[in-house]
Amino acid sequence: MQDHVDLIQEQWRRERPDLDASPSGVIGRIHRLALALTDELTAVYAQFGLTEAEFDLLAALRRSGAPYELAAGALAEHTMVTTGGLTKRVDRLVERGLVARVDDGDDRRRRLVRLTDDGVDLIDRAFTAHLTNERRLLALISPDDADALREGARHWLAALTAN
């Protein structure tokens with residue numbers, strides 16, 4: 001079964017037979033898969049009025065455990081954004097009543113971001129739907145393929161991020 005990446009590789013073999021375009025068979029498919037999966041995931045977040053970044057932020061707070069709060073620096077680290085980018089996201093979620101900024105009891109100079117009761121309720125419902133969606137997406141491939149992808153991605157990610 002040929003796909004779009006096969007067509008691209010054939011074209012490169014024809015136009016540049018001196019180059020080995022086989023890496024794009026892996027990289028091109030993974031890139032296209034990541035884009036397609038992002039579309040599938042963000043569609044579920046949107047059902048709850050959330051962007052991918054907002055879902056990620058609320059999920060980071062929720063999985064931190066009660067009282068579901070983190071300092072801005074820790075939250076930025078958990079969501080892989082700068083503190084400047086985080087501020088805008090938090091501002092939007094504060095306006096919606098999903099998070100609140102609170103003083104750290106031990107250090108009044110430090111502020112924490114905490115899920116509100118509405119925020120806990122929303123992320124619990126959104127995360128439940130998210131896991132259902134992930135199960136649906138994984139059901140499109142065999143368990144053996146899912147296992148191979150998980151392990152291959154784990155090793156590849158470790159190699160790319162090793163410093």
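The values are calculated or read from the model by the stated rules, or taken from the named source; none is laboratory data. Keep in mind it's a predicted model, so treat the numbers as computed, not measured. Virtual Cβ from ideal backbone geometry, glycine too; neighbours counted across all protein chains shown.
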Any hit, segment 120-136, residues being over 27 Å from residue 39 (Cβ atoms) and surrounded by 11 or more Cβ atoms within 10 Å (Cβ to Cβ): yes
Residue in segment 23-65 that is farthest from residue 75 (Cα to Cα), counting only those that are β-branched (Val, Ile, Thr) and not in a loop (DSSP other than H, G, I, E, B): 26
Hey, residue 3 of a type outside the set (A, V, I, L, M, F, W, C), surrounded by 11 or more Cβ atoms within 10 Å (Cβ to Cβ), outside the structural domain of residue 116 (by TED's automatic domain parsing) and over 25 Å from the mean Cα position of the chain (by Cα) or not: yes
Residue in segment 27-35 that is within 19 Å of the chain's Cα centre (by Cα) and within 30 Å of residue 96 (Cβ to Cβ) present: yes
Considering residues of segment 68-111 that are closer than 26 Å to residue 161 by Cα, surrounded by fewer than 17 Cβ atoms within 10 Å (Cβ to Cβ) and of a type in the set (Ser, Thr, Tyr) only, the residue farthest from the chain's Cα centre (by Cα): 83
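With the condition kept exactly as written, say whether any residue in segment 140-150 is surrounded by 10 or more Cβ atoms within 10 Å (Cβ to Cβ) and touching a residue at least 12 places away in the same chain (Cβ under 8 Å).
Initially, segment 140-150 is screened for residues surrounded by 10 or more Cβ atoms within 10 Å (Cβ to Cβ), giving 141-142, 145-150.
If we keep only those that are touching a residue at least 12 places away in the same chain (Cβ under 8 Å) too, we end up with none.
For segment 140-150, residues surrounded by 10 or more Cβ atoms within 10 Å (Cβ to Cβ) and touching a residue at least 12 places away in the same chain (Cβ under 8 Å): absent.
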Cβ-Cβ under 8 Å pairs, at least 6 apart or on other chains, segment 71-91 side farther than 14 Å from residue 110 by Cα, far side part of a loop (DSSP other than H, G, I, E, B): 76/82; 78/64; 89/81
Residue pairs meeting the criteria (Cβ under 8 Å; at least 6 apart or on separate chains; first free of Cβ contacts under 8 Å to residues at least 40 places away in the same chain, in segment 19-35; second in a loop (DSSP other than H, G, I, E, B) and not aromatic (Phe, Trp, Tyr)): 29/3
